[in-house]
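Student: Could you have a look at this structure, given as structure tokens, before my questions?
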Amino acid sequence: MRDDGIDLDVITYTSLIGGLGLVGQPDKAREVLKEMRQYGCYPDVAAYNAAIRNFCIAKRLGDAYNLMEEMEGKGLCPNATTYNVIFRSLYWANNLKSSWSLYLRMKATGCLPNTQSCMFLIRLLRRQEKVDMALELWNDMIDKGFGSYILVADVLFDLLCDLGKLEEAERCFLQMVDKGQKPSYMSFRRIKVLMELANKHEALTNLSEKMSAFGSAIQMNKNNVDELERPISDFISG
């Protein structure tokens, strides 16, 4: 194209960078980032994200982090997609320590996590039974309004109920209701069973009254699952 006098734009370069990653050439893709500038076309966040994804695919997280720092040094702010491509690699490596550090870094830079970010984190926290960290994530979601409450809550309540943290589960459940968010039938059923076993009938009655605004879909004995959680793959693919 350049030989024909056609200048490549940032979208074309980004596609090229992504393609090089698919054929296992992340270093060549990084060279393309430098080449762009020589021709007066400057990489944007999407171009860097493509290059960062390439290194994550190649399991070279050090290089991925270096690219993220490079883009910050050039005045570009990593977005949720930037963080999510790294979260994905850390999730599959079961690396909670690095995932949590990345989450704290994300918050410090003012980049709000999206549903995908939250799901990578909460599933790792569930796997490693980290209640305090899971509650911190949940409280951040409640305070700042990011992520899907219903998807994260289903995993959170699994963790809390499995470990017998009924008081915490009840509090989080009511926080969700107070936000006007409709919990899934699965979450409601788990809380209900634990409350019955603990003879917390008054608390269960209170919770049921709070839920009444959502209609018959939350009734204890009604088999209505029209809004059960969507598949996790909808949020962690791509």
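Bear in mind these aren't lab numbers, they're just calculated from the coordinates by the rules spelled out. Small disclaimer: the values here were computed from a predicted structure and weren't measured. Methodologically, a virtual Cβ is constructed for each residue, glycine included, from the backbone with ideal geometry; neighbour enumeration extends over all protein chains shown.
Student: Which trypsin sites (Lys or Arg not before Pro) does region 158-220 hold that lie in a coil by DSSP with at most 16 other beta carbons within 10 Å? All intermediate terms of the calculation are to be shown ahead of the outcome.
Tutor: Working: sites: Lys165, Arg171, Lys179, Arg189, Arg190, Lys192, Lys200, Lys210; in loops: Lys165, Lys179, Lys200.
Counting only loop positions with at most 16 other Cβ atoms within 10 Å, the trypsin sites (Lys or Arg not before Pro) in region 158-220 are Lys179.
Student: By per-residue mean of other Cβ atoms within 10 Å, what is the highest-first order of 73-79, 97-103, 134-140, 148-154?
Tutor: Details: 73-79: 13.0, 97-103: 17.3, 134-140: 18.9, 148-154: 21.6.
Highest-to-lowest ranking by the protection proxy: 148-154, 134-140, 97-103, 73-79.
Student: Between Arg105 and Lys192, what length comes free when the chain is fully extended (0.36 nm per residue of separation minus the Cα-Cα distance, one decimal in nm)? Intermediate results must be reported in sequence, preceding the final value.
Tutor: Values: separation 87, 0.36 × 87 = 31.32 nm, distance 3.70 nm.
Full-extension gain reported as 27.6 nm.
Student: Report, to the nearest 10°, how far helix 166-178 tilts away from the longest principal axis of the Cα atoms in the chain, using its own Cα long axis and a range of 0 to 90°.
Tutor: Long axis of 166-178 versus the principal axis of the chain: about 70 degrees.
Student: Using Cα atoms only, what is the angle between the long axis of helix 185-197 and the major principal axis of the chain, expressed in degrees (0 to 90) to the nearest 10?
Tutor: Taking Cα atoms only, the helix is inclined about 40 degrees.
Student: Hey, with R₀ at 22 Å, roughly what FRET efficiency would Leu112 and Asn139 work out to, going by the Cβ-Cβ distance, to 0.05?
Tutor: Values: r = 14 Å, r/R0 = 0.65.
Between Leu112 and Asn139 the formula returns 0.95.
Student: Please work out the Cα convex hull volume for region 114-165 and give it in Å³ per residue. Intermediate results must be reported in sequence, preceding the final value.
Tutor: Details: hull volume 3.1 nm³, N = 52.
It is 60 Å³ per residue.
Student: Would you work out if region 1-78 is rounded, prolate or oblate? Take a ≥ b ≥ c from the square roots of the eigenvalues of the alpha-carbon gyration tensor; rounded if a/c is under 1.5, else prolate when a/b is larger than b/c, oblate otherwise.
Tutor: Working: a/c = 2.39, a/b = 1.38, b/c = 1.73.
Oblate, since a/c reaches 1.5 and b/c is not below a/b.
Student: Let me ask you something else. How far apart, in nm, are two points set 7 Å out from the Cα along the Cα-to-Cβ line at Val45 and at Ala203?
Tutor: 4.1 nm
Student: Going by average Cβ neighbours within 10 Å, how do the peptides 64-72, 44-52 rank, with the highest at the top? It would help to have the intermediate numbers written out before the result.
Tutor: Details: 64-72: 17.9, 44-52: 22.4.
Order by mean packing, descending: 44-52, 64-72.
Student: Residue-wise, which Karplus ³J(HN,Hα) couplings in Hz belong to region 35-40, taking 6.51 cos²θ - 1.76 cosθ + 1.60, θ = phi - 60°, and x for glycine or proline?
Tutor: 4, 3, 5, 4, 9, x
Student: If you don't mind, another one. Taking the 0 to 90 degree range and rounding to the nearest ten, how far is the long axis of helix 115-127 tilted relative to the main principal axis of the chain, both from C-alpha atoms?
Tutor: It is inclined by approximately 60 degrees.
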